[in-house]
Each structure stands twice: as structure tokens, then as C-alpha cells.
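Everything below concerns the one structure shown next.
The values are calculated or read from the model by the stated rules, or taken from the named source; none is laboratory data. Just so it is clear, the model here is predicted, and its values are computed rather than measured. Cβ placement follows ideal geometry from the backbone for every residue including glycine, while neighbour counts extend to all protein chains displayed. These area figures cover heavy atoms from the full protein model, side chains too; ligands, DNA and RNA do not enter into them. Shrake-Rupley method; radii C 1.70, N 1.55, O 1.52, S 1.80 Å.
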Amino acid sequence: MGEQTYSDIQRKKTSIIDSLIHLGIYKKGNKQLYELTLHELEKEYHIVNLGIQDISF
């Protein structure tokens, strides 16, 4: 994996983690957010956003 790709992944992970923390989510199960893969973070963010949309209707 090239340095640019790794940097892009880390930037995206940081952005999603910041968004989840802003929503009050600090862990998933027994793992801290920074321990999750990008895929796991994206999945969690999607689940949380669906939940928020359901509540707002």
C-alpha cells in the first residue's frame, strides 16, 4: 500500500471517528474506535445515521 493511500485511509478514519465521538459514541463493543478498521467504522457510522434518521421522523 502506498504512502498516499495509507494517508487517505487514516484521514478518512479520523474523520469518521470525530463524527462518531460528536454523536456520543466512543466504543463499539469492547473496542475503542481507533482500533476498528475503516470498513468497521463506515459500517458503524451508517448504522448510527440510519438510527438518527428514524428518530427524527
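For Ile9, the requirement of being assigned to a loop (DSSP other than H, G, I, E, B), surrounded by 13 or more Cβ atoms within 10 Å (Cβ to Cβ) and without any contact (Cβ under 8 Å) to a residue 40 or more places away in the chain is not met. The set of residues in segment 38-57 being open to solvent by 70 Å² or more (accessible area, probe 1.4 Å) and either out of contact with any helix residue (DSSP H, G or I) (no Cβ under 7 Å at 6 or more places or on another chain) or not in a helix (DSSP H, G or I) (or both) consists of His39, Lys43, His46, Ile47, Leu50, Ile52, Gln53, Asp54, Ile55, Ser56, Phe57.
Taking residues in segment 37-57 that are closer than 13 Å to Leu20 by Cα, and partners anywhere that are among the hydroxyl-bearing types (Ser, Thr, Tyr), the pairs with Cβ atoms closer than 7 Å and at least 6 places apart or on different chains are Tyr45/Ser19.
Within segment 3-20, the residues that satisfy the criterion of being among the hydrophobic types (A, V, I, L, M, F, W, C) and within 9 Å of the chain's Cα centre (by Cα) are Ile16, Ile17, Leu20. Filtered by the rule that a residue be modelled with pLDDT under 95 and under 16 Å from Ile47 (Cα atoms), segment 1-23 gives a lone residue, Leu23.
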